[in-house]
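Read the structure below first, then the notes.
The values are calculated or read from the model by the stated rules, or taken from the named source; none is laboratory data. It should be emphasised that the depicted structure is a prediction, and the values quoted were computed from it without experimental measurement. With ideal geometry, Cβ positions are generated from the backbone for all residues, glycine too; neighbour counts draw on all protein chains shown. Heads up: the accessible areas ignore ligands, DNA and RNA and are worked out on the full protein's heavy atoms, side chains in. Shrake-Rupley method; radii C 1.70, N 1.55, O 1.52, S 1.80 Å.
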Amino acid sequence: MKSPLIHTVTQLAGFGFFLAVFVPLFVLSFFNHPSAADDYCFADTAVREGFWQAQKYYYDWWTGRYFSNFLVHGNPLVWGWYDGFRLIPALAMTGLLASIYSLTSELLRGQKSRTILLATALLFFTMMVAQQSTVEAFFWTAAVASYTVPTAFTFYLLAVCIRWYRLPSGGLLRPLTAVWASFLVFAIVGSGETNLILLVLLLLIIAGYRLLFQRRFDLFLVGMVVVSLLSSWLLFRAPGNAVRMGGNPHSGDFVASFVGSVGWLVKSLGTLFLKTPILPLSLLFVPLALRLIQMDSPVRKLVQIPVWVVLLGYVGLLAAMIFPSYYGIGLPPAFRTMNVFYDMAIVGWFYLLTVLVNALAQAGKLSYNQLVLPVWAPALAGVWMVGSLAFSRPIRLVYNDLIRGHAATYNREMNARHDQLNQSADVLQVTPISVYPPSLFVEDINANPEHLWNRCQAGYYKHKTVKLAKNDG
């Protein structure tokens, strides 16, 4: 395993796997179009009522997600920039990648830049093959604002918080960083309930550990907790939440929700360990983890925590992301929620593994100088990564839509429909799309002209009615 050739080939293969998922997703971005689901409704409301009035309208009548509302009501349609939707997926995936790099660079501080870049690339690859829906992760703007953006902000917030503890106590840099971290908490909580639950519980766990086990009243963490609770109150007090969530006959059964959540958690973790390369990558990660826990490591203090505390926190946070769906609607979480679940599970697993390695090293059962990985370890990781790529249905759909021309056909026909919608007419009949690529498409307008999606497009393009013509094929 110490062979320079094997080491170089392993690194090149790692970056190659990253490119195998990033490049097709990035290329697919330029075939993206506004979705009939929500995108036009947000734009029509903002254009008709005004940007700030639209925020109030949704807060009062639909949802308290004040920050994601802020984003979606400023989508490119509001500014008449139809082609701006082609940039949203590219920006979303690049932003997520940048946030992973920010966190990785803090956790691997002191390591070579190439090591940090490779770790970032492999984390991104693992997240992408674990994704349940790429369209809900990057291509549907409503889901991007409520799930992908706060997930990226959460990774970045963790990096900012780690950085805060390294800053000198004098001067303005620490207070300004605390203000920036507070804004990130405010934005994450205001984007959606999934990341809200995750962040609030995570902050409470860390602050509670500092107080109960380390006997330290951490004013910075307490401040973050207070901001998160105030932000949560602002979200949940919204009158629109009662409208959106009320009246569901399947909600409120605690016992059934708990049992369903535990079963789904076990199934989801099984999927994570079998269908992604997290296990062989964990084996390759052990030598790096041993370097991170050395006495002179700048991040050693971050892993000086009992394994059982981290394990309970890890399982508890993941379960908390699943439980609200069962309790609220009696069903497993949606794909977009599970996208966040797997992103957090993957990052959390490698932190848990580092804490475990630290515990084994302190017990004298593991040593960097004595550890020799088998020569087949990188080969196993490579084979497993190929299998993960091949069996990832969302990634297969991305390649299929690109290679078979479905994305190009969809792009051409959606451009033609946009030209149709720009025509001047009270009643407009538009041509159906011949292909709906699953990596790009969420919903189309309805055969019923009174459907909400039809009314939103009609309002945005200044028609009284928009109809979908019958498909003769």
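Can you tally the net charge around residue 216? Count Lys and Arg as +1, Asp and Glu as -1, for every other residue whose Cβ sits under 13 Å from the Cβ of residue 216.
On the way: positive: 210, 215, 301; negative: 218.
Residues near residue 216 contribute +2 overall.
At 7 Å along the Cα-to-beta-carbon direction for both residue 450 and residue 180, put a label point, then send me their distance in nm to one decimal.
5.3 nm
For the chain, what is the mean residue ellipticity at 222 nm derived from helices alone (per DSSP H run of n ≥ 4: -39500 (n - 2.57); sum divided by total residues; nearest 500 deg cm²/dmol)? Walk me through the numbers before you get to the answer.
Working: 19 runs with 312 residues, N = 473.
Calculated at 222 nm, the ellipticity per residue is -22000 deg cm²/dmol.
Would you kindly state how much longer the chain becomes between residue 26 and residue 94 on full extension, computed as 0.36 nm times their sequence separation minus their alpha carbon distance, in nm to one decimal? If you can, show how the numbers build up before the last one.
Details: separation 68, 0.36 × 68 = 24.48 nm, distance 0.87 nm.
The residue 26-residue 94 span can extend by a further 23.6 nm.
Amide H to amide H under 5 Å from residue 37: which residues, 5+ apart in sequence or cross-chain, H placed 1.01 Å off N in plane?
Under 5 Å from the amide H of residue 37: 443.
Pairs of alpha-carbon atoms within less than 8 angstrom and 6+ residues apart define the contacts here; what relative contact order does the chain have, in percent? Before the final figure, lay out the partial values.
Values: 628 pairs, mean separation 104.3, N = 473.
So the answer I get is 22 percent.
At a probe size of 1.4 Å, how large is the accessible area of residue 29, to the nearest 10 Å²?
Estimated to the nearest 10 Å², residue 29 gives 0 Å².
Can you put 406, 73 in order of accessible area, largest first, using a 1.4 Å probe? Before the final figure, lay out each step's value.
Values: 406 50, 73 0 Å².
The ordering from most to least exposed comes out as 406, 73.
On the full set of protein chains, 1.4 Å probe, figure out the accessible area of residue 262 and give it in Å² to the nearest 10.
70 Å²
DSSP loop (so not H, G, I, E, B), at most 12 other Cβ within 10 Å: list which chymotrypsin sites (Phe, Trp or Tyr not before Pro) in segment 75-127 pass both filters. Provide the component values of the computation, followed by the final result.
Values: sites: 79, 81, 82, 85, 101, 124, 125; in loops: 81.
Sites meeting the loop and neighbour criteria: 81.
Let me know the shape class of segment 1-112, please: from the alpha-carbon gyration tensor, a ≥ b ≥ c as square roots of the eigenvalues, rounded when a/c is under 1.5, otherwise prolate if a/b is greater than b/c, or oblate. Intermediate results must be reported in sequence, preceding the final value.
Numbers: a/c = 4.45, a/b = 2.30, b/c = 1.93.
Note, shape of segment 1-112 comes out prolate.
Taking θ as phi - 60°, what are the ³J(HN,Hα) couplings along segment 457-468 by the Karplus curve (6.51, -1.76, 1.60), each to the nearest whole Hz, with x for Gly and Pro?
5, 4, x, 5, 8, 6, 10, 6, 8, 10, 10, 9
For helix 393-403, what angle does its Cα long axis make with the longest principal axis of the chain, in degrees from 0 to 90 and rounded to 10?
60 degrees
Please compute the contact order of segment 213-334 in relative form: average sequence separation of alpha-carbon pairs under 8 Å and at least six residues apart, divided by the residue count, as a percent.
Values: 54 pairs, mean separation 50.6, N = 122.
It comes to 41 percent, rounded to a whole number.
Quote the relative contact order of segment 156-202 in percent (integer), defining contacts as alpha-carbon pairs under 8 Å separated by 6+ residues. Please list the in-between numbers first.
Numbers: 20 pairs, mean separation 13.1, N = 47.
Contact order relative to length: 28 percent.
Under a point spin-label approximation (7 Å from Cα along Cα-to-Cβ), what is the residue 173-residue 213 distance to one decimal in nm?
With each label point 7 Å from Cα toward Cβ, the separation is 2.9 nm.
Calculate the spin-label point distance for residue 226 paired with residue 294, positioning each point 7 Å from the Cα along the beta-carbon direction, and give it in nanometres.
Label-label distance for residue 294 and residue 226, simple model: 4.1 nm.
Please list 129, 307 from largest to smallest accessible area, probe radius 1.4 Å, with all protein chains kept in place.
Details: 129 10, 307 40 Å².
If we order 129, 307 from most to least accessible, we get 307, 129.
Please report the carbon-and-sulfur percent of the accessible area for the chain; probe 1.4 Å, protein heavy atoms only, DNA, RNA and ligands left out. Could the numbers behind the result be given before it?
Details: 14940 of 22290 Å².
Carbon plus sulfur share of accessible area: 67 percent.
As a test of reading the structure, rank 228, 367 by solvent-accessible area (1.4 Å probe, protein chains only), most first.
Details: 228 0, 367 40 Å².
Output order, biggest surface exposure first: 367, 228.
Sum up the lysine pairs in the chain that clear both bars: alpha-carbon distance under 21 Å and a spacing of 8 or more or different chains.
On the way: 2/112; 112/301; 267/275; 301/365.
Within the chain, the lysine pair count is 4.
Which value, in debye to the nearest 20, gives the size of the charge dipole of the chain about its Cα centre, when Lys and Arg are +1 and Asp and Glu are -1 at the Cβ? Write out the running numbers ahead of the final one.
Details: 33 positive and 21 negative charges, 287 e Å.
My answer is approximately 1380 debye.
Could you please state, rounded to a whole Å, how far the C-alpha centre of segment 132-197 is from the C-alpha centre of segment 423-473?
About 36 Å separates the Cα centre of segment 132-197 from the one of segment 423-473.
Roughly how tilted is helix 219-236, in degrees to the nearest 10 and between 0 and 90, from the longest Cα axis of the chain?
It works out to around 20 degrees.
Can you list residues from other chains, or at least 5 along the same chain, whose modelled amide H is less than 5 Å from the amide H of residue 429?
Hits under the 5 Å cutoff: 467.
In Å, what is the Rg of the alpha-carbon atoms in segment 297-449, and how long is Dmax?
24.7, 79
Apply the Kirkwood formula to segment 399-473: the hydrodynamic radius equals the inverse of the mean of 1/r over all pairs of different alpha-carbon atoms; give it in Å with one decimal.
Numbers: mean 1/r = 0.0766 Å⁻¹.
Across segment 399-473, the inverse of the average 1/r is 13.1 Å.
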